[in-house]
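Written below as structure tokens is the structure these notes are about.
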Amino acid sequence: MKKRPAPIDDPQKITIDDYNCIDAGGFYLAFERPKSLKIMGQRGSEAVRLITLAINGGDIGLPDRKKHTERIEKILLE
């Protein structure tokens, strides 16, 4: 049996609430990209590159991702 997501009539509703976005991202990682969770425990620009590659299959927008990751780490981890 193949896993399939439930059909969603209004997928844009996920963007209405920040918590919905976080929950959806967590669900996606846990079920579609579980190997990425191991990388996420790491810090630094190499971890950002590896996560970007694992989730998106490439490195488009990598400089922005690194910049935002550094900003968020300062807020959450210091």
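Numbers at a glance
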{"item": "Any pair with Cβ under 7 angstrom, 6 or more apart, that starts in region 55-75 at a residue that is farther than 13 Å from Arg43 by Cβ and ends at one that is open to solvent by less than 90 Å² (accessible area, probe 1.4 Å) and part of a helix (DSSP H, G or I)", "result": "Ile55/Ser36; Asp59/Arg49; Asp59/Thr52; Asp59/Leu53; Leu62/Arg49; Leu62/Thr52; Arg65/Val48; Arg65/Thr52"}
{"item": "Selection from region 54-68 of residues that are at pLDDT below 85 and surrounded by 10 or more Cβ atoms within 10 Å (Cβ to Cβ)", "result": "Ala54, Ile55, Asn56"}
{"item": "Some residue of region 26-44 being at pLDDT 80 or above and of a type in the set (S, T, N, Q)", "result": "no"}
{"item": "Condition check for Lys74: open to solvent by 90 Å² or more (accessible area, probe 1.4 Å), closer than 30 Å to Pro5 by Cα and either assigned to a helix (DSSP H, G or I) or among the basic types (Lys, Arg) (or both)", "result": "no"}
{"item": "Residue list for region 12-31, filter: within 24 Å of Ala54 (Cβ to Cβ) and open to solvent by less than 80 Å² (accessible area, probe 1.4 Å)", "result": "Ile14, Asn20, Cys21, Ala24, Gly25, Gly26, Leu29, Ala30"}
{"item": "Number of the exception - Lys35 against (1) surrounded by fewer than 11 Cβ atoms within 10 Å (Cβ to Cβ); (2) not in a helix (DSSP H, G or I)", "result": "(2)"}
{"item": "In region 38-51, the residues that are in a loop (DSSP other than H, G, I, E, B) and open to solvent by less than 80 Å² (accessible area, probe 1.4 Å)", "result": "Gly41, Gly44"}
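The values are calculated or read from the model by the stated rules, or taken from the named source; none is laboratory data. This one's a predicted model, so the numbers in the text were calculated from it and none came from an experiment. Every residue, glycine among them, receives a Cβ derived from its backbone with ideal geometry; neighbour counts consider all protein chains shown. With ligands, DNA and RNA removed, areas are computed over all heavy atoms of the protein, side chains included. Shrake-Rupley method; radii C 1.70, N 1.55, O 1.52, S 1.80 Å.
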